[in-house]
Amino acid sequence: MKKIFLVPIYLLLTLATFAQTETLATAESILSAAYKQAAKEKKNVFVMFKASWCGWCKKMSASMTDSSTKKYFDDNYVTVKLTVQESAEKKELENPGAAEILEKYKAVNAGLPFFMVLDAKGNSLGNSFVNGENLGCPASAEEVDAFVELLKKTSKINTNGLDAISTRFKKNAPVK
């Protein structure tokens with residue numbers, strides 16, 4: 001009698017396990033698709049490395065997709081997010097190969113978010129390192145100014161757009 005009840009339970013647990021193990025796209029495949037799209041649309045690629053536990057990563061994403069800034073990013077960049085540095089119980093969220101890319105750009109210990117801008121061929125045009133430090137999610141006036149300078153060099157965002165981005169990102173500054 002116990003076997004009759006255990007078999008369906010075992011099957012349900014097995015199915016639940018398989019349902020949760022969906023395969024994530026590799027960093028290489030994500031970037032390859034982004035390079036093709038960027039070449040076609042004459043844009044650069046904005047790559048953000050993030051993790052599910054990272055509050056500043058969430059602020060960065062929210063700032064980039066805010067109604068006041070989203071159009072400027074969408075019109076000028078193909079934006080991709082690569083998940084790295086997850087805790088042991090959430091390693092399945094990481095994009096395979098993303099950690100190696102972070103290592104290639106000497107940003108393993110930089111903190112998150114880490115971002116970089118690449119051209120449509122994958123050449124680096126800039127990143128979130130300023131004076132050897134990672135900006136992370138720009139929030140202070142100095143950080144936002146440095147971020148805006150990177151955007152000026154790697155996009156065609158006009159002054160109104162840069163001002164809107166600056167204003168939105170400064171809302172991330174901690175309240176004193």
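Pairs, please: C-beta under 6 Å, at least 6 apart or cross-chain, first residue open to solvent by 30 Å² or more (accessible area, probe 1.4 Å) and in the stretch 76-98, second in a strand (DSSP E or B) and among the polar types (S, T, N, Q)?
Pairs found: Leu93/Thr83; Glu94/Thr83.
Take the conditions closer than 26 Å to Asn131 by Cα and either crowded, with 16+ Cβ neighbours inside 10 Å or out of contact with any His (no Cβ under 7 Å at 6 or more places or on another chain) (or both) and apply them to Lys106. Does it pass?
Numbers: closer than 26 Å to Asn131 by Cα: yes; either crowded, with 16+ Cβ neighbours inside 10 Å or out of contact with any His (no Cβ under 7 Å at 6 or more places or on another chain) (or both): yes.
For Lys106, the condition - closer than 26 Å to Asn131 by Cα and either crowded, with 16+ Cβ neighbours inside 10 Å or out of contact with any His (no Cβ under 7 Å at 6 or more places or on another chain) (or both) - is met.
Scan the stretch 125-141 and report the pairs whose first residue is in contact (Cβ under 8 Å) with a residue 60 or more places away in the chain and closer than 15 Å to Ala107 by Cα and whose second residue is open to solvent by 10 Å² or more (accessible area, probe 1.4 Å) and of a type in the set (A, V, I, L, M, F, W, C), with Cβ atoms within less than 8 Å and a gap of 6+ or a chain change.
What qualifies is Gly136/Trp56; Gly136/Leu112; Cys137/Trp56.
Taking the stretch 129-159 on its own, how many of its residues are surrounded by 14 or more Cβ atoms within 10 Å (Cβ to Cβ) and either at pLDDT below 95 or in a loop (DSSP other than H, G, I, E, B) (or both)?
8
Of (1) within 20 Å of Val144 (Cα to Cα); (2) not in a loop (DSSP other than H, G, I, E, B), Ile101 satisfies all except one. Which?
Failed condition: (1).
It is to be established whether one or more residues within the stretch 37-44 are over 12 Å from the mean Cα position of the chain (by Cα), at pLDDT 95 or above, at positive phi and surrounded by fewer than 15 Cβ atoms within 10 Å (Cβ to Cβ).
Kept after step one, since they are over 12 Å from the mean Cα position of the chain (by Cα), are these residues of the stretch 37-44: 37-44.
If we keep only those that are at pLDDT 95 or above too, we end up with 37-44.
Next, only the ones that are at positive phi stay: 42.
The next check asks that each one be surrounded by fewer than 15 Cβ atoms within 10 Å (Cβ to Cβ); those that pass are 42.
Scanning the stretch 37-44 turns up at least one residue that is over 12 Å from the mean Cα position of the chain (by Cα), at pLDDT 95 or above, at positive phi and surrounded by fewer than 15 Cβ atoms within 10 Å (Cβ to Cβ).
Scan the stretch 22-46 for residues that are part of a loop (DSSP other than H, G, I, E, B), over 17 Å from Leu151 (Cβ atoms) and not acidic (Asp, Glu) and jot them down. Working first, answer last.
Keep residues of the stretch 22-46 that are part of a loop (DSSP other than H, G, I, E, B), which gives 22-26, 42-43.
Subsequent filtering for residues that are over 17 Å from Leu151 (Cβ atoms) retains 22-26.
Scanning the stretch 22-46 gives Thr23, Leu24, Ala25, Thr26.
The values are calculated or read from the model by the stated rules, or taken from the named source; none is laboratory data. Model, not experiment: these values are computed from the prediction. FYI the Cβ positions are ideal-geometry reconstructions off the backbone, even for glycines, and counts take in every protein chain you see. Note: areas computed on protein heavy atoms with side chains; ligands, DNA, RNA excluded. Shrake-Rupley method; radii C 1.70, N 1.55, O 1.52, S 1.80 Å.
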